[in-house]
Amino acid sequence: MRPRCLIATVPLVLSALLAPPALADDLPVIDPIPEKPITSGIALVLDEVITMPRSEPAPPVTDARLRRHARINHFGELPDSSGRMYVPDLNGKLYLVKAGRSAEYLDVGAATGPDFFNNKGMGSGFGFVAFHPDFARNGRFYTTHTEARDALTTKPADYDQPGTIVIQSVLTEWTATDPKAAAFSGTRREMLRVGFTGFTHAIQQIDFNPTALRHQEDYGKLYVAVGDGGRGISSNDPQNLALPHGKMLRIDPAGRDSANGKYGIPVRNPFVGKPGAMGEVYAYGFRDPHRFSWDTVTRRMYLGSIGEHEIESVYEVRAGDNFGWSDREGPFVYKRTDRCNLYRLPDNDAQFGYVYPVAAYDHDPPPGFPCTADSGHAVAGGFVYRGSRIPELGGKYVFGDLVDGKLFYTNAAEMRRGGKLAPLHQLSVTDSSGRPMTMQDMAGDRRTDIRFGTNNAGDLFVLAKANGKIWKVTGTRPLPDVYPSLAGNLVARYDFEHPVAGNPAKEADTGRSGTPIDLVNGGEQARVADGAYRGSQYSLQTKQVNPLTPGNDDWKAGTYSATGVASLRAFNSARQTTVMGWVKMTGPNPSPNSNSANPGDFYGAIGIAGVLTGNSDGHAVRALLELIEVDGVMKVVALGRRIDGSASQTFAATEDWRTILPRDQWVFLAATFDFNTGKMALYKNGKALPGSYVVAGDPWGVGTGQGPYAASPTDPRGFKIGGSFPQDTREGNPCDCRFDNLMFLDRALEPWEIHSQYAVTSSS
């Protein structure tokens, strides 16, 4: 992690020279959680259930984070055996869903009147709904929504934060006349009203413990997760037991012994009778207790808590717990005097009694953002999977990052209080056809705004505000050979395990574009039983067939269209590209030049793989990984052309090519191209290869005008693999070699991603 809030260097250095040595507790932690998520090798298969109706805040907003297709917040099943699912939308409406169709059940915004407020703050509006476990008989359910406008002066809150109140969270009980009805008709009563001085972190989730049986004390008790209103960074509100802010409350909707006489306080709550404390408090020390759920087997409550600086935490919550905010952020010290850094726990930390996460991850703010800005990360709490249909997920707590859509799991058995953080495993995603995707792909937006849901059978659902879609997790696929961060830019991928149905001389694309390639001349025989890594069964064999006869009988692969391959449009105006995969030299290279009358004439290049330009004759390329002669010496190169028909640049590896690609040995090669900056790079087995640029000056023209710069706005004419001219009009630069898991991406991967992809396959 990078240090934050860099200020006046000279005074800092001078003070460091004059000051006594700092204790370890006084030094900022540069990388709070160095252990990064483990690639799980599991891809969740997501099948679309429904797209919810479009909704808008009122009045219209300028904050793009609130302009979503639908601000759907949860997906759950009514506890009445009807099979109906429910979906709350922050913009005001409660929907019921069954058989792939939605219907409005209640317009909470309209029913609560003109003070309903949903146009500022990420959680403003109709925040959540919880149905009483006896809903089928008593018709009761509970909602939380926000109000402002006249409510701030005409509707006194039961509890206010110190300062100027700008919004109120309201907890309401609704009683349906007929619980079986398709639309609500009945009565409502207000139970609790809390004022906040900020538009963020109000009442978040409310819910009932689904594991509590009718005869047990916790049955019918409502849990209410209340945020700190944004004041935790400047106050001790989350630690003040006299306020509900930054707390998990537990109340009895059927009781009336609260201070306002509208609900009851369970006698077994941990702070009942404690002077200066609200009896409603169940646990405290939260910043933004966003989503919680219970493991239906162990009956433990897990809560995803969104951090202030850089720690996203999952806690196991028990009665009386203090999670430390704002003295702690996750398992680190947070100082209000230094919002840009975290610090290690002091030696005497045990005396404070704080409870720390059972799982967590860290992150940096986006480049150029101040450390106090929206980091673009926030944990979305999930569920421990206890369904019966997907055994691979059994006992795993599945959750994610609601902004960028990354999905994770931890093993519930490894989430232990007081121990080490449970290892995080990053999940991949595929659509129903098995194509690797990311949640950003699925949501159609870089900001996914994902949430999770479940039904009474324990099935898992993922929903996205970005496009209003809800998906069901219908299964898993083994995906050990694609690192998850690559999936969103994986335009095409060929593992040679997927012949096109009905035509084994073609290989199907398991990337996003769905572009099949031809196994030219070799046909299905070119698919050989020699995988580059464990789990791979087949690879592609390319070779020169008869070096003594001029012609075009060489085995190669690719696709070609003189008018451009529309499915490869991701490379049209692309700013970056990566070409990589496993390569094995299987014969003498380079090959004799069959187009020459001189038997001692050899080709001056050995074809690996590349993306063609938009005006290519089969030879000119936009991004190519190849071996060519540089100053009379064969070199492994990355060769790129930004503008069709214009000059190319070559980056050549310094090391001898026969050392980089020894015969009969699988090697993982990668080449990256940044058309915006002019930078290129080569990698072998996950490590950068030293090299140099061949063409002097600026052949790509990235310094002649004002960027950003991109490749020509033309569809590539195809791919070439193992030789030139994939349209099979001429033999050129054949490679006697094998290929596996070839990838073409519309982004220049970071070095750590290339190493991660190599590690995924080399260890799988």
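The values are calculated or read from the model by the stated rules, or taken from the named source; none is laboratory data. Here the structure is a predicted model, which is why all the values come from computation and not from measurement. Every residue, glycine among them, receives a Cβ derived from its backbone with ideal geometry; neighbour counts consider all protein chains shown.
In table form, for the structure just shown:
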| item | result |
| --- | --- |
| Criterion (surrounded by fewer than 18 Cβ atoms within 10 Å (Cβ to Cβ) and under 33 Å from the mean Cα position of the chain (by Cα)) met by exactly one of A748, A688 | A688 |
| Answer residue from region 150-180, given it is among the charged types (D, E, K, R) and under 26 Å from Y95 (Cα atoms) and is surrounded by the most Cβ atoms within 10 Å (Cβ to Cβ) among those | E173 |
| In region 488-534, the residues that are hydrophobic (A, V, I, L, M, F, W, C), out of contact with any Gly (no Cβ under 9 Å at 6 or more places or on another chain) and farther than 20 Å from R738 by Cα | A501 |
| Hits in region 636-675 (condition: outside any loop (DSSP other than H, G, I, E, B) and free of Cβ contacts under 8 Å to residues at least 40 places away in the same chain) | L639, A653, W657, R658, T659, I660 |
| Unique residue being acidic (D, E), out of contact with any Phe, Trp or Tyr (no Cβ under 8 Å at 6 or more places or on another chain) and either in the same structural domain as H74 (by TED's automatic domain parsing) or within 27 Å of A130 (Cα to Cα) (or both) when the list is D327, D321, D347 | D347 |
| All positions within region 38-61 that are buried (at least 18 other Cβ atoms within 10 Å of the Cβ) and either under 30 Å from S756 (Cα atoms) or touching a Pro at 6+ places or on another chain (Cβ under 6 Å) (or both) | T39, S40, G41, I42, A43, L44, V45, L46 |
| Odd one out for S15 among (1) at pLDDT 90 or above; (2) exposed (fewer than 12 other Cβ atoms within 10 Å of the Cβ) | (1) |
| Flag if R54 is basic (K, R) and part of a helix (DSSP H, G or I) | no |
| Some residue of region 74-90 being under 30 Å from P423 (Cβ atoms), crowded, with 16+ Cβ neighbours inside 10 Å, in the same structural domain as K120 (by TED's automatic domain parsing) and not aromatic (F, W, Y) | yes |
| Residues within region 710-725 that are surrounded by fewer than 24 Cβ atoms within 10 Å (Cβ to Cβ), at negative phi and not charged (D, E, K, R), tallied | 4 |
| Qualifying residues in region 464-508 (those that are more than 22 Å from Y409 (Cβ to Cβ) and polar (S, T, N, Q)) - the one surrounded by the most Cβ atoms within 10 Å (Cβ to Cβ) | N489 |
| Residue pairs meeting the criteria (Cβ under 9 Å; at least 6 apart or on separate chains; first at positive phi, in region 499-515; second assigned to a loop (DSSP other than H, G, I, E, B)) | G514/S433; G514/R435; G514/A508 |
| Test result for G581, crowded, with 24+ Cβ neighbours inside 10 Å, under 27 Å from K687 (Cβ atoms) and in contact with a strand residue (DSSP E or B) (Cβ under 9 Å, 6 or more places away or on another chain) | yes |
| Test: residue in region 656-675 that is crowded, with 24+ Cβ neighbours inside 10 Å, assigned by TED's automatic domain parsing to the domain that holds A574 and under 16 Å from S712 (Cβ atoms) | yes |
| Selection from region 328-344 of residues that are surrounded by fewer than 18 Cβ atoms within 10 Å (Cβ to Cβ) and part of a loop (DSSP other than H, G, I, E, B) | R336, T337, R344 |
| In region 587-640, the residues that are modelled with pLDDT of 95 or more, more than 21 Å from A653 (Cβ to Cβ) and crowded, with 21+ Cβ neighbours inside 10 Å | L612, T613, G614, S616 |
| Elements of type strands (runs of 3 or more DSSP E) contained in region 676-764, each with 1 or more residues being closer than 25 Å to G558 by Cβ and touching a residue at least 40 places away in the same chain (Cβ under 8 Å) | 679-684, 718-721, 737-745 |
| Residues of region 258-286 classified as in contact with a strand residue (DSSP E or B) (Cβ under 8 Å, 6 or more places away or on another chain), assigned to a loop (DSSP other than H, G, I, E, B) and at negative phi, total | 12 |
| Lone qualifier among G387, G394 - being under 18 Å from G76 (Cβ atoms), in the same structural domain as P37 (by TED's automatic domain parsing) and surrounded by fewer than 19 Cβ atoms within 10 Å (Cβ to Cβ) | G387 |
| Top-ranked residue of region 436-446 - restricted to ones that are of a type in the set (A, V, I, L, M) and outside any strand (DSSP E or B), ranked as surrounded by the most Cβ atoms within 10 Å (Cβ to Cβ) | M439 |
| Residue within region 182-192 that is among the polar types (S, T, N, Q) and either surrounded by fewer than 19 Cβ atoms within 10 Å (Cβ to Cβ) or on the phi > 0 side of the Ramachandran plot (or both) present | yes |
| Candidate set from region 597-628 (those that are touching a Leu at 6+ places or on another chain (Cβ under 9 Å) and part of a loop (DSSP other than H, G, I, E, B)); member that is farthest from T559 (Cα to Cα) | P599 |
| Every residue from region 287-300 that is closer than 22 Å to F352 by Cβ and in a strand (DSSP E or B) | P289 |
| Options R299, R214, R250, R256; residue that is at pLDDT 95 or above and crowded, with 16+ Cβ neighbours inside 10 Å | R250 |
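Per-residue answers, yes or no, for (1) at pLDDT 95 or above; (2) of a type in the set (F, W, Y); (3) in contact with a Ser or Thr (Cβ under 8 Å, 6 or more places away or on another chain):
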position	(1), (2), (3)
V29	no, no, no
K36	no, no, no
I42	no, no, yes
L46	yes, no, yes
T51	yes, no, no
A58	no, no, no
D63	no, no, no
I72	yes, no, no
